[in-house]
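The values are calculated or read from the model by the stated rules, or taken from the named source; none is laboratory data. Just so you know, these numbers come straight off a predicted model, no measurement behind them. Cβ sites come from the backbone with ideal geometry, for glycine too, and all protein chains shown count toward neighbours. Side chains are part of the model used for accessible areas, which takes the heavy atoms of the whole protein and leaves out ligands, DNA and RNA. Shrake-Rupley method; radii C 1.70, N 1.55, O 1.52, S 1.80 Å.
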Amino acid sequence: MKYKSILFVLVALLAVSCDMATVVSPRIVASNQLVRTSITGERDTILFSDSLNIGDTVQMGILLNGYYDYLVSFAATADTDKVHLSVAWPDSLGGTTDASDPEHAKLVFVPDSVYSCLTTLSYVPVSPGVHPINLVLTSAAKAPYSQSAAQFYIAVRKP
């Protein structure tokens, strides 16, 4: 009986991984209040569920967090014939590579430099209808924890 208990403990120790690294998927946190600027220059605060007019500019604060792993890239995408996207990231901030294109909502970060950041996603609808906007954040975490994705829809009408 004594040997069975010792054998059980040894098998249990062999089955447990010795890799004590914490792995957390990156996270995209969007502000629940958005700032809308109409074509006429009127500014107000709206929610995701509010509809937009063609030409409205919406600014949404987003937090990109890699937790224990540095951020690799962030991209916001939509049908470019229906929605124009951009991300606020001035050159003075640094931390991004030449592959970044903030005017088209794409950031590629310098390895081992940015673990978390706060930025603004701007979008301008140019066509009526319901349009999806996709957000993808990638970190240096081990697969399958290295990517986080989100999607939201905007309802757009003619003014």
### Query
Using Cα-only point scatterers and the Debye equation, what is log10 of I(q)/I(0) for the stretch 24-80 at each q in 0.30 Å⁻¹, rounded to two decimals?
-1.23
### Task
Convert each backbone phi in the stretch 62-71 into a coupling constant with the Karplus relation 6.51 cos²θ - 1.76 cosθ + 1.60 (shift: θ = phi - 60°), then list the ³J(HN,Hα) values in order as whole Hz, x for Gly and Pro.
9, 9, 10, 10, x, 6, 8, 10, 6, 7
### Task
Roll a 1.4 Å probe over the protein heavy atoms and report the accessible area of Leu135 in Å², nearest 10.
10
### Query
What size of dipole, in debye to the nearest 20, comes out for the chain about its Cα centre when the only charges are +1 on Lys and Arg C-beta atoms and -1 on Asp and Glu C-beta atoms?
740
### chymotrypsin sites (Phe, Trp or Tyr not before Pro) within the stretch 114-159: DSSP coil, no more than 16 neighbouring Cβ in 10 Å
Tyr145
### Task
Return the ratio Rg/(2.2 N^0.38 Å) for the chain, where Rg is computed over Cα atoms only.
1.44
### Task
Using θ = phi - 60° and the Karplus relation 6.51 cos²θ - 1.76 cosθ + 1.60, list the HN-Hα couplings for the stretch 145-159 in order, rounded to whole Hz, with x at every Gly or Pro.
9, 7, 10, 9, 9, 9, 9, 9, 10, 10, 9, 10, 10, 6, x
### Task
Add +1 for every Lys or Arg and -1 for every Asp or Glu among the other residues with Cβ under 11 Å from the Cβ of Gln33, and state the total.
-1
